[in-house]
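Structure record follows, encoded as structure tokens.
The values are calculated or read from the model by the stated rules, or taken from the named source; none is laboratory data. Note that this is a predicted model, so its numbers are computed, not measured. Heavy atoms of the whole protein, side chains included, go into the accessibility calculation; ligands, DNA and RNA do not. Shrake-Rupley method; radii C 1.70, N 1.55, O 1.52, S 1.80 Å.
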Amino acid sequence: MGFFRAGKGLVPAIAALPERRDDTCVTTEEAAVLPPAGPILHVTPLVAEGDRVAQGEAVAHLRHAPGIRLTAPIAGTVARIVMRPGRRLVEIVLFRDGDAVVRHETSDQTPEALRRLFQASGVWPLPRRRPFGGMPDAEEAPAAILVMATDTRPGAPDPGGALEGREEDFARGVGALQKLTDGPVIVFAQSDALPTGLSLSAQVVHRGRRHPQGLPGICCHGVFPAGLGAPVWDIHAEDVAAMGALLDTGVLPVMRQVRIGGTGLREGRSLRTHPGADLRQLTRRIVAPGPHTILSGSALDGHVGHWLAPRDRQVTVLPAQGPARPRHWLAQALGRSPRGLPAIPTAGLEQAFAGTLPAAPFLRALGAGDDETAMKLGVLSLLDEDVALADYVLSENGEIATQLRTMLDRIRSEFAA
């Protein structure tokens, strides 16, 4: 890995493999219902092991907001339910069985009815709120909604391409989002990414191709910063098209464009599959010999997993790293520090924030734990993924994502309680 500096943002030089495009829809034999990334969710299961469920059927609801449901991505049999103390959901695993699909009533499309429909059908976990991350609260009214029709992560599938042939659904979904907020709905896209002939009443903001210009946090901070009393939602454009299809047909489409890449493969692959897909099955025939690690997400901000995370559209396979050579005890003692090392602002770090955030003051506030200064500089618009490129630039010394998460958790408990 390396990177090329080019204007605002960077172009990470991550090895790309020859890619086989497969437009067929792949439903894995096993799948999982996972909680979306963000604050811990306390849920009540609505099914038991051995129950048969249809695609789109509710399998759990939030303990303190029963109207918000988590739904099955495939039709199947419940194989196991894994919970932690406090009714914290880990996963609900399904074995594929049949093709039954849940259909919803969509004749009433008033704002209140749309909110109930999106919460009951499994749409509600798709938008992500800022600050702090996670799904929106049940009665939350966002100050703005950002629709992401661009994604500049290395190897990410083109969101604009996923909208081809779905222009009416996308426009219908954008119209539904406009009923959920008194603020603007803003579509972010590269200049040539949206399908021709698409008619939208929402504002369209064009972004560049260099990373991280297509990340929601960078777009949010630059156009409509989030605040403690002014939450901002972001949602992927393909999910907006799925919302539009739900309103038209009563069935929520679950298939999404996913790209599989990484140096642990013989070849890359682009296909359509569902959230919670079994990553081992998706990579089985294309993985290179030898030990490897499978990430749900990109090489920059992905995490090791068995299932495709609810919002991810990339799978990355990397060769497994061998055990690190132990350092001499004296070198360990000299290098040990009770606090993380401060990040030194450089031109590369400035570009890692796409010129949107002042790197030096922002990193200084993060390192010092200066919450008030960081909030003035825009920390409430950011999540861990938005600073992953900065940690990549810093290599093994990168701790910005950890510092950011620590600060956001502290702000949530002290300022937003």
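Its alpha carbons give the chain an Rg and a Dmax of 21.3, 71 Å. Largest first, the residues ARG63, ARG284, ARG269, ARG130 sort by 1.4 Å accessible area into ARG284, ARG63, ARG269, ARG130.
Test of understanding: express the Cα radius of gyration of the stretch 201-274 as a ratio to 2.2 N^0.38 Å, with N the residue count. Show your work: numbers first, answer last.
On the way: Rg = 16.4 Å, N = 74, 2.2 N^0.38 = 11.3 Å.
That works out to 1.45 for the stretch 201-274.
Taking amide hydrogens as placed 1.01 Å from N in the peptide plane, the amide H of HIS211 sits under 5 Å from those of LEU10, each at least 5 positions away in sequence or on another chain.
As a test of reading the structure, rank CYS25, CYS220 by solvent-accessible area (1.4 Å probe, protein chains only), most first.
Numbers: CYS25 80, CYS220 0 Å².
From most accessible down to least: CYS25, CYS220.
Heads up, I need the accessible area for LYS8: 1.4 angstrom probe, whole protein in place, Å², nearest 10. For LYS8, solvent-accessible area is about 130 Å².
Output the antiparallel fraction of DSSP beta bridges having both residues in the stretch 67-211, as a percent to the nearest 5.
On the way: 8 of 18 bridges.
Of the beta bridges lying entirely in the stretch 67-211, close to 45 percent run antiparallel.
Shown here: the stretch 1-118, whose C-alpha atoms stretch 50, 39, 35 Å along the first, second and third principal axes, sorted largest to smallest. Largest mean-square fluctuation among ILE294, ILE74, ILE145, in a Gaussian network model of the chain whose springs join Cα atoms under 10 Å apart, belongs to ILE294.
Can you tell me how the stretch 104-168 classifies by the Cα gyration tensor, rounded, prolate or oblate, using a/c under 1.5 as the rounded cut? List each step's numbers first, then the result.
Numbers: a/c = 2.42, a/b = 1.34, b/c = 1.80.
Cα axes put the stretch 104-168 in the oblate bin.
Each residue of the stretch 348-353 was assigned a 3J(HN,Hα) from its phi angle through the Karplus expression (A = 6.51, B = -1.76, C = 1.60, θ = phi - 60°), giving x, 5, 4, 6, 5, 9 Hz with x at Gly and Pro.
Using just its DSSP H runs of length 4 or more, each adding -39500 (n - 2.57), the chain gives a mean residue ellipticity at 222 nm of -7000 deg cm²/dmol after division by all residues.
For the options GLU399, GLU139, GLU350, a Gaussian network treatment of the chain with springs between C-alpha atoms closer than 10 Å singles out GLU139 as fluctuating the most.
Sort LEU194, LEU215 by accessible area with a 1.4 Å probe, largest first.
On the way: LEU194 40, LEU215 0 Å².
These residues rank, largest area first, as LEU194, LEU215.
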